[in-house]
Amino acid sequence: MSSFSYDFSVLGGDARQVFLAEMLAESGRSLCHYALASQPNNCSSVSEHVSIVREAPSLEEACIHSGFVICPFPFTKNGADVSVENSIYRFSIQTLLHLLRPGQSLFAGGIPPSFKKEAAENNVAVFDYADDISLPVYNSISTAEGAICEAILHSPFNLHKSRCAVLGFGKCGHSIVYRLKGLSANVSVFTDNEESARASVIADKSFPLKSLSDHAGDFRFIFNTVPAQFINEETLKNVDLSALIIDIASSPGGVDYDAAQRLGISALHCLGLPGKYAPASSARHLKQFIESKLYLS
């Protein structure tokens, strides 16, 4: 990679990318950046080992001069464009693909299979955060803390002793349940049969997802992690008007938001929580992943 001017190009994303740029600079890496959510702080003075840190004037300039191109997690939210905070910097994943050169490596999270295939055909190495075993676990911690923070911010009620429902018991569902129990909430999990035994170990109760409508009125808080619309109009009609729904499922979410608005139910679609509530911790884990792969390139 000696033919490149910089070690890394850091492109787009939320605050995690900003902190990641700062951390790479602190470790003495040279980098350029483009379309970040904000300017990295103190990159020119955080370390005596920093050689070059600068903002690239264009996407092309950012891509062609670095051996390793670091894109966001998630890589894309709409399947077409790389995730950026400011729409004036919007660029497509295909545009990025065409700018990458043989011998480069790209890091991102949730990369479409078609992109990976084309990149490999062009001799571009691709490393997907989503393929790592530990990163989704760390991500679920930040997501759970963010979801609970959203609940505290938007409800007049304590979580303490409140009846809470958590839909789904994957990594994020498990992390939410564990933390709600730490706050002395009364927690019920709605999940499939395969997960119900695990859920019953730490939750107060567990139910099949299909029974949600029958119990929906029992809860002050409902946390959804399931990427399917189980919280439909029929279920929403049974939800208490004082309840709050926190939906962290990927777009379009797991709630019929039009019905919720008509019925006067408070429902929040909360995406990108690690970037909002724990960007520095999340960036540290991303940096560890990146550095673990460098010797492969």
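The table below lists the values:
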| read-out | value |
| --- | --- |
| Filter result (outside any helix (DSSP H, G or I) and open to solvent by less than 10 Å² (accessible area, probe 1.4 Å)) within region 170-189 | ALA185, VAL187, SER188, VAL189 |
| From GLY28, GLY12, residue being modelled with pLDDT under 95, open to solvent by less than 40 Å² (accessible area, probe 1.4 Å) and of a type in the set (Gly, Ala, Ser) | GLY28 |
| Every pair of residues 6+ apart whose Cβ atoms lie under 9 Å, when the first sits in region 205-233 and is touching a residue at least 12 places away in the same chain (Cβ under 8 Å) and under 15 Å from GLU195 (Cβ atoms) while the second is charged (D, E, K, R) and in a helix (DSSP H, G or I) | SER206/GLU195; SER206/ARG198; PHE207/ASP214; THR225/LYS171; PHE230/LYS210 |
| Search result, residues across region 130-160 that are assigned to a helix (DSSP H, G or I), open to solvent by 60 Å² or more (accessible area, probe 1.4 Å) and either more than 19 Å from ALA15 (Cβ to Cβ) or in contact with a Gly (Cβ under 9 Å, 6 or more places away or on another chain) (or both) | ASP131, VAL137, ILE152, HIS154 |
| All strands (runs of 3 or more DSSP E) inside region 190-288 with 2 or more residues being hydrophobic (A, V, I, L, M, F, W, C) and open to solvent by less than 20 Å² (accessible area, probe 1.4 Å) | 221-224, 244-247 |
| Residue within region 161-169 that is surrounded by fewer than 17 Cβ atoms within 10 Å (Cβ to Cβ), over 21 Å from the mean Cα position of the chain (by Cα) and either modelled with pLDDT under 95 or not acidic (Asp, Glu) (or both) present | yes |
| Pairs with Cβ under 8 Å, 6+ apart, first in region 269-284 and on the phi > 0 side of the Ramachandran plot, second of a type in the set (Phe, Trp, Tyr) and open to solvent by less than 40 Å² (accessible area, probe 1.4 Å) | none |
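The values are calculated or read from the model by the stated rules, or taken from the named source; none is laboratory data. Quick caveat, the model's predicted, so the values are computed rather than measured. Heads up, the Cβs are rebuilt from the backbone with ideal geometry, glycines too, and the neighbour counts pull from every protein chain shown. To get the accessible areas, we keep the full protein, side chains included, count just its heavy atoms, and leave off ligands, DNA and RNA. Shrake-Rupley method; radii C 1.70, N 1.55, O 1.52, S 1.80 Å.
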